[in-house]
1. Quick check: at a probe of 1.4 Å, how many percent of the accessible area of the chain sits on carbon and sulfur atoms?
2. Please report, in whole Å, how far the alpha carbons of region 69-198 spread along each principal axis, starting with the longest.
3. Can you divide the C-alpha Rg of the chain by 2.2 N^0.38 Å and report the result to two decimal places?
4. How charged is the neighbourhood of residue 160? Take every other residue with its Cβ under 12 Å from the Cβ of residue 160, and add Lys/Arg as +1 and Asp/Glu as -1.
5. How big is D, in µm² s⁻¹, for region 20-84 by Stokes-Einstein at 20 °C and 1.002 mPa s if Rh is the Kirkwood radius over C-alpha pairs?
6. Spin-label point model (7 Å from Cα, Cβ direction): what's the residue 153 to residue 182 distance in nm?
7. How high is the FRET efficiency from residue 46 to residue 82, r the C-beta distance, R0 30 Å, rounded to 0.05?
8. Using a simple charge model, +1 on the beta-carbon of Lys and Arg, -1 on the beta-carbon of Asp and Glu, nothing else, what dipole does region 44-158 show about its Cα centre, in debye to the nearest 20?
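The values are calculated or read from the model by the stated rules, or taken from the named source; none is laboratory data. Remember, it's a predicted structure, so these values are computed and weren't measured experimentally. Virtual Cβ from ideal backbone geometry, glycine too; neighbours counted across all protein chains shown. These area figures cover heavy atoms from the full protein model, side chains too; ligands, DNA and RNA do not enter into them. Shrake-Rupley method; radii C 1.70, N 1.55, O 1.52, S 1.80 Å.
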Amino acid sequence: MCGRFSFSPNEIIIEERFDLEIEEGIYTPRYNCAPTQNLAVISNNDPYRLSFYRWGLVPFWAKDLSIGNKMINAKSETILEKSSFKAPFKRRRCLVPADGFYEWKKEKEGKVPVRILMKDESLFGMAGIWDTWKGEDGVLVNSFAIITTHPNELMESIHNRMPVIIHKENEDEWLRGDNINYLTEFLRPYPSEFMKAYAVSTLVNSPRNDTPEVLKNVE
């Protein structure tokens with residue numbers, strides 16, 4: 001699964017990397033993004049603007065928001081089989097921008113938190129799907145899930161799943177394309193030769209710790 005990530009560059013880097021505009025005052029660097037929080041996404045509905053959706057997909061037909069707590073990820077292998085994910089995959093896709101994500105590696109002494117990122121420490125977009133839910137009070141809530149796949153060689157020793165990372169040259173097609181069979185070809189592990197990983201402190205275990213110290217290499 002993918003249950004925590006970071007997105008902390010300055011606004012200029014984000015705008016240049018994803019060719020979009022960020023409205024003044026809406027972006028804050030995040031070092032420990034967690035489920036149920038409102039987080040940055042780039043949606044096919046508004047691809048030239050950084051939007052903020054709740055992490056944990058809440059289908060439009062859900063009775064309440066709590067279902068989203070169990071739907072932070074969508075498995076690529078079954079995404080077209082699950083009713084909650086099938087329609088969003090076909091019509092409501094997004095990129096979840098990040099500069100790293102976290103997983104917990106099982107060691108003899110316990111679970112060790114690890115940060116995974118690009119070797120050049122550049123930004124990347126994780127594959128996401130989204131939906132809009134309407135509460136009884138009429139308030140609309142946009143929410144998303146991150147699509148996961150089996151691990152690449154780097155991730156195999158850390159965890160049995162990893163987020164799908166869309167290659168930069170495929171990002172426009174991911175957001176705007178309508179050939180579903182072709183889009184499923186994007187749901188593969190990102191090549192491990194372009195990635196690296198290092199251990200971080202247990203500060204990341206609590207979402208309340210959302211400071212640059214969370215990113216620190218403790219190896």
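1. Its accessible area is 47 percent carbon and sulfur atoms.
2. Sorted from largest, the Cα extents of region 69-198 read 48, 34, 27 Å.
3. Ratio of Cα Rg to 2.2 N^0.38 Å: 0.97.
4. +2
5. Estimated via Stokes-Einstein, D reaches 157 µm²/s.
6. In this crude spin-label approximation the distance works out to 3.0 nm.
7. Efficiency, from the Cβ-Cβ distance: 0.75.
8. 320 debye
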